[in-house]
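A short worksheet on the structure shown next.
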Amino acid sequence: MFGDLLENIFMTPASEDSESIRQLFGYFLWTAAVVMAVVTGLVVYYSIKYKAKPGQGEPEQRHTHKGLEVSILAGVTVVMGLFFYLTIDTMLSVQAAPAPGQQPDLVITGHQWWWEGSYPKSGVVVANEIHIPTGKRLLLELRSGDVIHDWWVPELGRKMDAIPGKPNQLWMEARRPGTYLGACSEFCGAQHAWMRIQVIAQSPQDFAAWEKAQLKTPAAIYQTELIKNGEVLFQQKTCANCHTIAATEAQANIGPNLSHLASRKTLLTGILKNNPENLAKWLDNPQAVKPGAHMPNFRFNKKELASLVAYLNSLK
Ligand code: CUA
């Protein structure tokens, strides 16, 4: 627990931006720590030194010490000025303006309560598990589909609001491959705490392979009758009114894109591991798993549930 806390405060930056943010935070933290230690020390020292003694009467009054006052004020002004400069300097480097007309590499849209990631250059669309190539400073565009959310993956860069009707831009980079965790950091309703982010950074080759796999048509893999029934049910039970599955009639954009659902590691921004049992649990009673989520309970019977799970699980 304590170890986790330290890890979170002193996280290992995986980009130049988060490195400079951490450095700035460190300057503030250590300066504040020194000031607090000095002030506390002086209070304790003088409390003991000038403690009233029995029969002492009214203590002698001391008057201002001009030299000391001026030097304290001057010292504070210099420190504040220095911090102002360091803050502006960091802001300018982490939020550098993109080249005129530069297109985003990744468009992130916050929804209650999940993240949509779309890659305009390739056309890939994913949910919650966002893959990126390492070693490239990516330009992100932040949007919202409903209320204000806030994208924050501390190891990869700064945070940025996703505001309805006003796209924001943000740089993100990962130096090393790995899975980087983040969370929505603007209260956005019942499941705000479960609006987690996973950024999966891969070497450029691995990323290219992943992107290629995502572009493959997921349909037409109806190896079994069960899967085929599931596909029919998906259209009949109006799942198709909210979700997209590439190369089928399901082309709606209200809920997460399910084209390659089975290739994801988790469900529901990380609440559950992605496996057939958990998928069945979710479809059987969504409100029990993620209360408030905009996924209705369709009251599927056991057979329907099994078909749908088999179908969705085939979407690799
Ligand atoms: Cu989205 Cu908080």
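The values are calculated or read from the model by the stated rules, or taken from the named source; none is laboratory data. What you see is a predicted model, and the numbers here were worked out from it, not measured in a lab. Every residue, glycine among them, receives a Cβ derived from its backbone with ideal geometry; neighbour counts consider all protein chains shown. All accessible areas refer to the heavy atoms of the entire protein, side chains included, with ligands and DNA or RNA removed. Shrake-Rupley method; radii C 1.70, N 1.55, O 1.52, S 1.80 Å.
State, to one decimal in nm, how far the label point of Arg299 lies from the label point of Glu19, with both points 7 Å from Cα in the Cβ direction.
In this crude spin-label approximation the distance works out to 5.9 nm.
Calculate, for the chain, the solvent-accessible area per residue in square angstrom, rolling a 1.4 angstrom probe over the heavy atoms of the protein chains.
On a per-residue basis, 58 Å².
Normalised by the residues of the range 209-316, what does the relative contact order come to in percent, with Cα pairs under 8 Å and at least six apart?
33
Once amide H atoms are built 1.01 Å from N in the peptide plane, which residues 5 or more positions from Asp150, or in another chain, come under 5 Å H to H?
Hits under the 5 Å cutoff: Ala162, Ser185, Glu186.
Which of rounded, prolate or oblate describes the range 34-136 when judged by the alpha-carbon gyration tensor and an a/c cut-off of 1.5?
Prolate.
Amide H of Ala246: which non-local residues (sequence gap of 5 or more, or other chain) have their own amide H closer than 5 Å, using H built in the peptide plane?
Answer set, sorted by chain and number: Ser259.
What is the antiparallel percent of DSSP beta bridges lying wholly in the chain, to the nearest 5?
Of all bridge pairs located within the chain, approximately 75 percent are antiparallel.
Cα centroid distance between the range 21-80 and the range 168-230, in Å?
Spelled out, the Cα-based centre of one part sits 52 Å from the other.
Highest GNM mean-square fluctuation, the chain, Cα pairs closer than 10 Å: which of Ala183, Ala162, Ala213?
Maximum among the listed residues: Ala213.
Which pairs in the list Lys216/Lys237; Lys159/Lys237; Lys159/Lys316; Lys121/Lys166 are over 28 Å apart, alpha-carbon to alpha-carbon?
Long pairs (Cα-Cα over 28 Å): Lys159/Lys237; Lys159/Lys316.
Mean Kyte-Doolittle of at least 0.0 plus a Cα span of 27 Å or more along the axis: flag which DSSP H helices in the chain meet both, please.
Qualifying helices: 16-49, 66-94.
Using a 1.4 Å probe on the protein chains only, how many percent of the accessible area of the range 72-178 belongs to carbon and sulfur?
Using a 1.4 Å probe with all protein chains present, the range 72-178 comes out at 66 percent carbon and sulfur.
Roughly how many Å is it from the Cα centre of the range 96-167 to that of the range 240-315, as a whole number?
23
For the range 158-211, what relative contact order do you get, as a whole percent, if you take Cα pairs closer than 8 Å and at least 6 residues apart?
30
Would you mind checking which residues have amide H under 5 Å from Thr266's amide H? H placed 1.01 Å from N; only 5 or more apart, or other chain.
HN-HN under 5 Å from Thr266: Asn274.
In terms of Cα to Cα distance under 17 Å, which aspartates and glutamates are near enough to Lys51, apart from those fewer than 8 places away along the same chain?
Glu60
Could you grab the relative contact order for the chain? Cα pairs under 8 Å, six or more apart, rounded to a whole percent.
15
With a 1.4 Å probe and every protein chain kept in, tell me what percent of the accessible surface of the range 188-264 is carbon plus sulfur.
The value for the range 188-264 is 55 percent carbon and sulfur by accessible area.
Along each principal axis of its Cα atoms, how long is the chain end to end? Whole angstroms, biggest number first, please.
Sorted largest first, the three principal extents are 97, 51, 35 Å.
What number, rounded to the nearest 500 deg cm²/dmol, is the helix-based mean residue ellipticity at 222 nm of the chain, given -39500 (n - 2.57) per DSSP H run of at least four residues and division by all its residues?
Value at 222 nm, helices only, nearest 500: -12500 deg cm²/dmol.
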